[in-house]
Every structure is written in structure tokens, then in C-alpha cells.
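Structure, as C-alpha cells:
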Amino acid sequence: MPRLVCCNELLSREGLDFRAQCRFAKAVGFDALELAIESFPADPLRLSESEVRAMRQTAADEGMEIAGLHWLLSSAPALSITNPAVAGETTDYLLRLVDICAALGGHVLIHGSPQQRRPLAGIADAATYDHAAKLFAPVARACHDAGLTYCIEPLSRDQTPFINTLADARRLVEMVGSPVFKTMLDCSSAALTEEESVPALIEKWMPSGLIAHVHLNDSNRGAPGTGADDFSAIIAALIASGYGGDLSVEPFTTCVSAEVTLAIASATTRAHLQTHGRAMS
């Protein structure tokens, strides 16, 4: 059965410290946290090894694991995966995140960060892909050495014009050419952008081995159970596909509060997992 993971930015934005985030997520049924860089106690380049160890120990003390990191560049607005002028600084920053993720006991880094991937004006599409592939090559090597997976996240067109679909992501994945550089499925972006339904995408793409992570969120930008998307069908498709990775809940808007939103998401997702898991057994 996939592990249920809580993305922590909504809890962090409501002022919960890291221990409280872990304690709450555990109480409502999550197995691990996926950490947004904005929630760190310091800028990643200045985050000390003792601070990283303390975060990992806090999670362990509360019975939680750390699944990985996301929103990788959103706290560094000057960086970019598409601008050659800041390529070196961007690579160094991402390499530091690889080290932090490994030290936290995580296994995956999810690269969304729409503002830091906008193509430069007048630059051909092929050149943008080529630059991004070269930038990610050393990051992928570092992930391989650390036993981590790096996922480029397709995002809806209202967020960015670069890498919107799983087919777009496959293009970059193939150019990077690393077994640990993959893509992932964000249910909200997929529902807003792809021509096929999310269950159909799961059936089509999971056999490719390119999808290494899943974000569960509604096309209304909320959590499972707070909108109209059919998460019963989505979970059924994931179970039928044999997907065994993490299911990370990543809402962008709240229903009443972050805590209520994530509690609804956990209950909704676990109910579907139990229903469809029994049907497959």
C-alpha cells in the first residue's frame, strides 16, 4: 500500500513549528512529511548540519518520516533552470538541496517552482530544453550517488509555459538520461492541462516507469475531498497500476484551516485506499 504523505507548507504558513507539524500529521493519519523549502528554519545555503539533524530527529521523535523536498527554488527567486546567466548558482543551490534531502532521510526531490522556469524571451524551445538538461545533469549524478530520485513536475499552463504535460516531462527526462531523473503526476495540474483524465493518464504512463511520485490535489487547488474531482477513480487507477511510491497530499487552498483541510484529505484518501485495496486483494 502506498505511503500517505503530507506536504507541510500550509501548516507552516499557519504558524505551526516543525514538531507541531509532525505531531498533527501523525495524529490525522499521515506517514511522512514532504517539506517545502520555505518551511526551513534558515536559507538552505546557511542551514547547518546540526539544524538538519535536529529536524530529522524531531520527525523521528514524533513517529514521522521525511519523504523528501518540494518547492525547491521558490524561496530563491533570482535562480532559474532556464536562464544561463544564473546556471552556476542554480546548480549549486540544487546540489545543496540534494545533500539536505539525503541527511533528512528523504528519498525524492520534486521540482515545480514555476516562476524559476520561465523561458527567456526570444529563446527557441529546443534551446530551453537543452539548457535545462545540461543544468540538471550534475544534480542527477549527485542524486544517483546519494540514492535519491529527482522529479521534474509538469505544471498547468496558468503557472508556467515550460513543461506542462507528462509528454513534455518525458522529453526532458530522456535528455538528462539518468535512471534517477524522472517525472511525477500532480493531479491538479494534470486535470487542468492534459487532454486525458487523470485515471487514464495513470493507466497510460505508469507502465513507462517514468512516474516516481504523485501529488494528490483537486483541480480546484484544494485537497482530496474538498472539490469535485473523482479521487475514488484516481486511487483505483493507482492501485491497479501497481504504483508503490508515495501519495503526497498537496493542497494550495484551505477549507476552514490547514488542519481541517489536511484531515479531510487524509480521511478521504485512506478511505479510497482501503476500499480499492480490498477490491484488489
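The values are calculated or read from the model by the stated rules, or taken from the named source; none is laboratory data. Bear in mind that the values here come from a model prediction, so they are computed numbers and not experimental data. Note: ideal-geometry Cβ built from the backbone for every residue, glycine included; neighbour counts use all protein chains shown. These area figures cover heavy atoms from the full protein model, side chains too; ligands, DNA and RNA do not enter into them. Shrake-Rupley method; radii C 1.70, N 1.55, O 1.52, S 1.80 Å.
List of remarks:
- Residues satisfying the stated conditions in the stretch 149-173, i.e. open to solvent by less than 50 Å² (accessible area, probe 1.4 Å), farther than 12 Å from Ala212 by Cα and not aliphatic (A, V, I, L, M): Pro154, Ser156, Gln159, Thr160, Phe162, Asn164, Thr165, Asp168
- Check on Thr128, among the β-branched types (Val, Ile, Thr), open to solvent by less than 50 Å² (accessible area, probe 1.4 Å) and touching a residue at least 60 places away in the same chain (Cβ under 8 Å): no
- Where Leu10 falls short, out of the listed (1) closer than 30 Å to Val256 by Cβ; (2) of a type outside the set (S, T, N, Q); (3) free of Cβ contacts under 8 Å to residues at least 12 places away in the same chain: (3)
- Note on the stretch 200-219: residues that are in contact with an Asp or Glu (Cβ under 8 Å, 6 or more places away or on another chain) and either over 15 Å from Ala167 (Cβ atoms) or of a type in the set (Gly, Ala, Ser) (or both) total 7.
- Screening the stretch 76-90 for residues that are in contact (Cβ under 8 Å) with a residue 12 or more places away in the chain and open to solvent by 20 Å² or more (accessible area, probe 1.4 Å) and picking the one that is nearest to Gly29 (Cα to Cα) gives Pro77.
- Unique residue being open to solvent by less than 40 Å² (accessible area, probe 1.4 Å), modelled with pLDDT of 95 or more, under 21 Å from the mean Cα position of the chain (by Cα) and charged (D, E, K, R) when the list is Glu9, Glu14: Glu9
- Scanning the stretch 107-121 for residues that are in contact (Cβ under 8 Å) with a residue 60 or more places away in the chain and in contact with a strand residue (DSSP E or B) (Cβ under 6 Å, 6 or more places away or on another chain) turns up Val108, Ile110.
- Scanning the stretch 21-46 for residues that are open to solvent by 10 Å² or more (accessible area, probe 1.4 Å), of a type outside the set (Asp, Glu) and farther than 22 Å from Thr269 by Cα yields Ser39, Phe40, Pro41, Ala42, Leu45, Arg46.
- Taking the stretch 54-75 as the range and being open to solvent by 20 Å² or more (accessible area, probe 1.4 Å) and either farther than 30 Å from Arg3 by Cα or part of a helix (DSSP H, G or I) (or both) as the test, the residues that pass are Ala54, Arg56, Gln57, Thr58, Ala60, Asp61.
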